[in-house]
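**Q** This is the structure, below, for whatever I ask next.
Derivation of every value follows stated rules applied to the coordinates shown; laboratory data play no part. Just so we're clear, the structure is a prediction, and the values are computed from it rather than from any experiment. Here Cβ is always computed from backbone atoms with ideal geometry, including for glycine, and neighbour counts include all displayed protein chains.
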Amino acid sequence: MNIGYYPGCALHGSSDDYEESLRACLNTLDVQLQEIDEWICCGATAAHSLNQKLSTALPARNLALAERGGFGEMLAPCPMCSMQLIKAQRALAENEGLRREMSGIVELEVRGTTRVLNLIQVFEQIGLDRLKAALKSPLKSLSAACYYGCLLTRPPDVVEFDDCEQPRSMEAILTALGAKTVDWSYRTECCGGGMTLASEETVLDLSHKILSNAAAHGANCLVVACPMCHVNLDMKQPDIEHRYGVRHGMVIYYLSDVVGMALGLPESALGINRHFVGKA
Amino acid sequence: MSRIGVFICWCGENIARTVDVDALAQEVSKFPGVRCALNYKYVCSDPGQALVREKIAAEKLDSVVIASCSPHMHLKTFRRAAQLAGLNPYKVEMANIREHCSWVHHDRAKATAKAASLIRLSVEKARLDHELQPIRVPVTRRALVIGGGVAGIQAALDIADAGYEVVMVEREPSIGGKMAGLSETFPTLDCSQCILTPRMVEVGQHPRIKLYSYSEVESVEGYIGNFTITIRQKARYVDISKCTGCGDCWSVCPLKRNKSEFDYGMGVRASIYVPFPQAVPARPVIDAKTCAKIIRNGCGLCEKKCKAGAINFKDTDKLVEEKVGAVVVATGYKLYDIGQKQDNASLAGYGEYGYGQYKDVIDSLQFERLLSASGPTNGVLKRPSDGAEPKNVVFISCVGSRDNAKGLPYCSKICCMYTAKHAMLYKHKVHDGQAHVFYMDVRAGGKGYEEFVRRAIEQDGAKYYRGRVSKITEEGAKLVVRGADTLAGVPITVEADLVVLAAAMRPADGVAELAQKLNVGYDEFGFLLESHPKLRPVETNAAGVFVCGACQAPKDIPESVAQASAAASKVTVTFAADELMREPEIAGINEQTCAACYACLRACPYHAIEQAEVRTPRGVFVKHTARVNPGLCMGCGTCVAVCPSKSADLEGFTEQQIYAMVESLV
Amino acid sequence: MAAQMDIAPNRLIRLLQLGREREALNAQSIWQCVSCQTCATRCPKSVNCAGIMDALRQLSMEEGRVSPAQRRVMLFQKAFLDNIRRNGRLDELELIVQFKLAGFMHDRRFSLLFKDATLAPKLNKRKKLHLRGKKVRDRAVLRRIFARSMDHS
């Protein structure tokens, strides 16, 4: 399977352990990722908060680059990126005036024809049957709380993925690979997103609640599919423990980490040793 | 040579202010066929009608045109006046120079000219009017009531007490509907079954009511006064004529843990069961989906135990025919499904409330069963997960109602009242408990209703928060409910032991299919359409079919009962005369020219056209033809439009008349 | 986030309905909002509350009405956008330095400058500290895209 790849700033920055993980995992499954040449930042929270036009233009440029590269589909592993890209793609596909305006601003013709996928969708496209067939080490020791965060399933009329209140797409993958998943209440509660630097207290507060609820429901790890969530729950976990005087000791896996482990890849190949919180 | 009299009404100021009625009368008197034209202040008044009758006699008029208001207002009045003067009432035409002219224009000259054109059209039509006689239709004085809830029961009793036979069809094993499952009813807090079961027994024992329980309407043929209904009696596997209701069968049944439908899943029942002790008929039914004997020829204990020999595993569905003259639809409601699975793409459940995920998040009907003295917990309030007595119960209003995004946009009317009732009944059972109600508005418009809600707040200590709940999470053994109070402007978090969701009211399943069989309209939500929301709330546009209760719109018990009696009175009006009179302005097929292509039959929305044969007096076949059933035809004219040989025409609005009217204008 | 907000989202919208935009633009809550999109997802009237918060942020910045207590958040977003404009992709180190300096210039507190200083070696140990990232080749086009997007004429 050949698919376009839009890493986004986080996966080429301090969250490049996520890229290491998903590249190793997808490579094992014969998925070739072709990075979009000259991709730029999608704008993230800053753009949609401060300038509406920019928040469409920056993704539009990336969509134009993808179209120029001949990609019908593109993986954007960061849900902030994927949500912004899908939002722009939908708006462009439906509005000729917008297409003309954006094409002018970004200096490339953009039609909004690229389908943007998140990592879960890529695994779904590969198919649970194929994953089961390639299973080498069932994830028997995992009692996982699958954490979706905000932007994988919201806004539902934009991303149209899974159920926005009770998603189960990650659970389906984990169950197929032999893991136990827990029923818990904070699947789609926000971790604080990109406010890690701007408003640290908010992030610590929200992420602490998520970790606590997962633990209370019997989880021994979280599985995430977002680099910002991973930073807030993993890198900031020591700060959370310090602030609330509680020991969480909760390992935070990327989805590609657990799939990769199930397929027999060593933790070092998946960048798991680069996380802040390791197994107890 | 026509002798048409034209009477122009001033309608006080309504017409005369804008239309020059004198000039109009002058101009109109010159139209071909007009014998006399005059104007008068109020033609509909007694002296006005007298004037019309005088002129008919004096001028030997053979047609009359009244230029005044809409025919919806006074066509009947003027037809009666003409008839009194000896003129066939269908030789009366009305030109609407009020709603269609003086009420919508300001320019006097132009309005007068338009009025003249409108009158010209009516004059041309009147010249070609035929004398017509109303159609007489025999009437079978028996009624069908579909649905055995409180509305159906009321309608059936009223019609039966008036002296007519009633056939009642109920698809559950027992009548009683949703009301039989309620604990107590607002605003009196009467025990629901206590006030309903006497009526249920009356229905079961009434000499003129024939009850088909565990049955459904299979098909409907015919028309007002002359319906043929086919009823499917579903297989009970129990012969209720032999069964004594002793209960040996269900006590010996080994499969006792099926989820009870009557308890909405809060309780269990055996595979052979009576839904509740006061059921009418109080005879069991076997659930073929779970019975071991029926599925794999095992067990059979009930058959062995039954002293009356009433169990019959070879039972099958039976089709029965009944002839009735009127139908009352009282099929009631169901609750909006709060979970993820929906039967309609525009609906989505409320996953954020965890219904279906958390055992202690239930809906209002489930709570009624937990409250009910004859419920699965015998009236002791135990929460579903661990049977503990809940000390903090949260009630959430408007779940699925008033929600344009993923629910239904309308208000379900009864939830504010029953939520207050729930808060009160909860407090009466758990004295140290606290009820928390999250509401958007409190709608308590009935008699004593506002006072009832205040009682819940002031006497029974219910806490009312004005705001919605955004999410329910499970933290430890508690359900954490996060909502808001917009009056204080603060978020409200309640740790609840039990959450009750006031789900929206929707019409019962299968109502669309039933409506199609009856030719009754229904709206986008499935509620059956009344003829006029203000003035004809229990009639439908299908003559002879009436509606009452929650199948027409969300409503409470007093309103359902009132509507049921109203529907019953309409039925008794239908049965009052030996024959029914129908308007003769219906379609007719010229059987000589008809080619029997049956395009009209396929096009007719009322299924009023039949395939027929033309035969000689000795019975020799001549040709096929289409034929209009005068009982069913509503005079819509669709057949006239599609007929390729121009064999179909509409009495009272013939093609010739239409061409004459159009030509008179150009 | 509503518990921490001075003016909750439903009240902000009510202020807008009443024509009292000034008060809405001054609110802290529009900068406390984490853009989780839950509001728009749950609204039974399909009001795009998340979009309204974005618009309020943009307007409050344009009109110079950003709540003083939340200026830091706004400074972060501005620093982020400046970074993109210059580099095409986010240069994390540059962003952190610029943001901390801007924050320090605003409230003169050293604590912000040296906060998380111990993080750097921990990131480095995990090979997460990238001093030189892969840059976009054509960076001039970014400046033009920004200029066109921010031009209100």
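**Q** Expressed as a rounded percentage, what relative contact order does region B:472-578 have, with Cα pairs under 8 Å and six or more residues apart? Walk me through the numbers on the way to the answer.
**A** Details: 128 pairs, mean separation 16.0, N = 107.
In percent, rounded to a whole number, it is 15.
**Q** What is the distance, in nm, between label points placed 7 Å from the Cα along the Cα-to-Cβ direction at B:K304 and at C:L129?
**A** It works out to 8.3 nm between the two label points.
**Q** Using 1/(1 + (r/R0)^6) with R0 = 35 angstrom and r between the beta carbons of B:D441 and B:T230, what's the FRET efficiency to the nearest 0.05? Write out the running numbers ahead of the final one.
**A** Details: r = 46 Å, r/R0 = 1.31.
Plugging the Cβ-Cβ distance into 1/(1 + (r/R0)^6) gives 0.15.
**Q** Rounded, prolate or oblate: which fits region A:1-85, taking a ≥ b ≥ c as square roots of the Cα gyration tensor eigenvalues, rounded meaning a/c under 1.5, else prolate when a/b beats b/c? The partial results should precede the final answer.
**A** Working: a/c = 2.69, a/b = 1.48, b/c = 1.82.
It comes out oblate by the Cα gyration axes.
**Q** How would A:C9, B:C11 line up from fewest to most surrounding beta-carbon atoms within 10 angstrom?
**A** Values: A:C9 28, B:C11 23.
Listed from fewest to most nearby Cβ atoms, that is B:C11, A:C9.
**Q** Please say if region B:428-587 is rounded, prolate or oblate, where rounded means a/c under 1.5 for a ≥ b ≥ c the square roots of the C-alpha gyration tensor eigenvalues, and otherwise the choice is prolate for a/b larger than b/c and oblate otherwise?
**A** Working: a/c = 3.36, a/b = 2.44, b/c = 1.38.
Here region B:428-587 falls in the prolate category.
**Q** Another question about this same structure. For C:T118 and C:R143, compute 0.36 nm times the residue count separating them, minus their Cα-Cα distance, and round to one decimal in nm.
**A** Details: separation 25, 0.36 × 25 = 9.00 nm, distance 3.45 nm.
Full extension of this stretch gives 5.5 nm more.
**Q** Using only the alpha-carbon atoms, what does the protein assembly as shown span along each of its principal axes? Please give whole angstrom values in decreasing order.
**A** Taking max minus min along each principal axis of the Cα atoms, the protein assembly as shown gives 114, 87, 67 Å.
**Q** Mind putting a number on the dipole of chain A about its Cα centre? Charges go on the C-beta only, +1 for Lys and Arg and -1 for Asp and Glu, and I need it in Debye to the nearest 20. Intermediate values should be presented prior to the final figure.
**A** On the way: 24 positive and 33 negative charges, 80 e Å.
Once rounded to the nearest 20, the dipole reads 380 debye.
**Q** Right, something else. Using a 7 Å offset from the Cα along the Cα-to-Cβ direction at both A:Q125 and B:A576, what is the distance between the two label points in nm, to one decimal?
**A** According to this spin-label approximation, the distance is 7.3 nm.
**Q** List the trypsin sites (Lys or Arg not before Pro) in region B:313-366 that DSSP assigns to loop (not H, G, I, E or B) and whose Cβ has at most 16 other Cβ atoms within 10 Å. Which are they?
**A** Numbers: sites: B:K314, B:K318, B:K323, B:K334, B:K341, B:K359; in loops: B:K314, B:K341, B:K359.
Loop-located and lightly packed - B:K314, B:K341, B:K359.
**Q** Taking only Cα atoms, what is the 0 to 90° angle, nearest 10, from helix A:79-94's long axis to the longest principal axis of chain A?
**A** Compared with the principal axis, the helix lies near 30 degrees.
**Q** May I ask you to derive the FRET efficiency for B:L535 and A:T175 from their Cβ-Cβ distance with R0 = 45 Å, giving the value to the nearest 0.05?
**A** Details: r = 60 Å, r/R0 = 1.33.
Computed FRET efficiency for B:L535 and A:T175 comes out at 0.15.
**Q** Would you order A:M80, A:M1, B:M73, B:M179 from fewest to most other beta-carbon atoms within 10 Å of each residue's own beta-carbon?
**A** Working: A:M80 25, A:M1 12, B:M73 16, B:M179 21.
Lowest count first: A:M1, B:M73, B:M179, A:M80.
**Q** Next question. What Cys residues in chain C have no fellow cysteine's beta-carbon under 4.7 angstrom?
**A** Cysteines of chain C left without a disulfide-compatible partner: C:C33, C:C43.
**Q** Roughly how far apart, in whole Å, are the Cα centres of region C:65-140 and region A:45-123?
**A** 25 Å
**Q** Against the longest alpha carbon principal axis of chain A, how many degrees, from 0 to 90 and to the nearest 10, is the axis of helix A:52-68 turned?
**A** Between helix and principal axis, roughly 90 degrees.
**Q** With a cut-off of 8 Å between alpha carbons and a minimum separation of six or more residues, what is the relative contact order of chain B in percent?
**A** Values: 1442 pairs, mean separation 83.0, N = 666.
Relative contact order of chain B: 12 percent.
**Q** Only loop residues by DSSP count here, and only those with at most 15 other Cβ atoms within 10 Å; note down the GluC sites (Glu not before Pro) in region B:503-559 that meet that.
**A** On the way: sites: B:E513, B:E524, B:E530, B:E539, B:E559; in loops: B:E524, B:E530.
The qualifying sites are B:E524.
**Q** Measuring from label point to label point, each 7 Å out along Cα→Cβ, what is the C:R86 to A:R68 span in nm?
**A** My value for the distance between the label points is 2.5 nm.
**Q** Give a quick list of trypsin sites (Lys or Arg not before Pro) in region B:52-83 that DSSP marks as loop, anything other than H, G, I, E or B, with at most 12 other Cβ atoms within 10 Å.
**A** Values: sites: B:R53, B:K55, B:K60, B:K76, B:R79, B:R80; in loops: B:K60.
Sites meeting the loop and neighbour criteria: B:K60.
**Q** Run the numbers on region A:128-274 and let me know its relative contact order in percent, using alpha-carbon pairs under 8 Å that are six or more apart.
**A** Details: 223 pairs, mean separation 41.7, N = 147.
Relative contact order here is 28 percent.
**Q** Beyond a 27 Å Cα-Cα separation, which of these cross-linked pairs lie in this structure: B:K289/B:K421; A:K140/B:K289; B:K413/B:K517; B:K60/B:K110; B:K413/B:K471? Before the final figure, lay out the partial values.
**A** Working: B:K289/B:K421 36 Å; A:K140/B:K289 37 Å; B:K413/B:K517 29 Å; B:K60/B:K110 33 Å; B:K413/B:K471 24 Å.
Where the Cα-Cα span goes over 27 Å, the pairs concerned are B:K289/B:K421; A:K140/B:K289; B:K413/B:K517; B:K60/B:K110.
**Q** On to the next question. From the convex hull of the Cα coordinates of region B:4-127, what is the mean projected area in square nanometres?
**A** On the way: hull surface 24.9 nm².
Projected over every direction and averaged, the Cα hull of region B:4-127 covers 6.2 nm².
**Q** Using only Cα atoms, tell me the angle between helix B:449-458 and the longest principal axis of chain B; keep it within 0 to 90° and round to the nearest 10.
**A** That helix lies at roughly 20 degrees to the long axis.
**Q** For a quick check: sort B:L479, A:L233, C:L119 by the number of other beta carbons within 10 angstrom, fewest at the front. Provide the component values of the computation, followed by the final result.
**A** Working: B:L479 27, A:L233 30, C:L119 18.
With the fewest neighbours first, B:L479, A:L233, C:L119 line up as C:L119, B:L479, A:L233.
**Q** Provide Rg over Rh for region A:128-274; use the alpha carbon set for both Rg and the Kirkwood Rh (inverse mean inverse pair distance). Before the final figure, lay out each step's value.
**A** Numbers: Rg = 15.1 Å, Rh = 15.6 Å.
Taking Rh as the inverse mean 1/r over Cα pairs, Rg/Rh reads 0.96.
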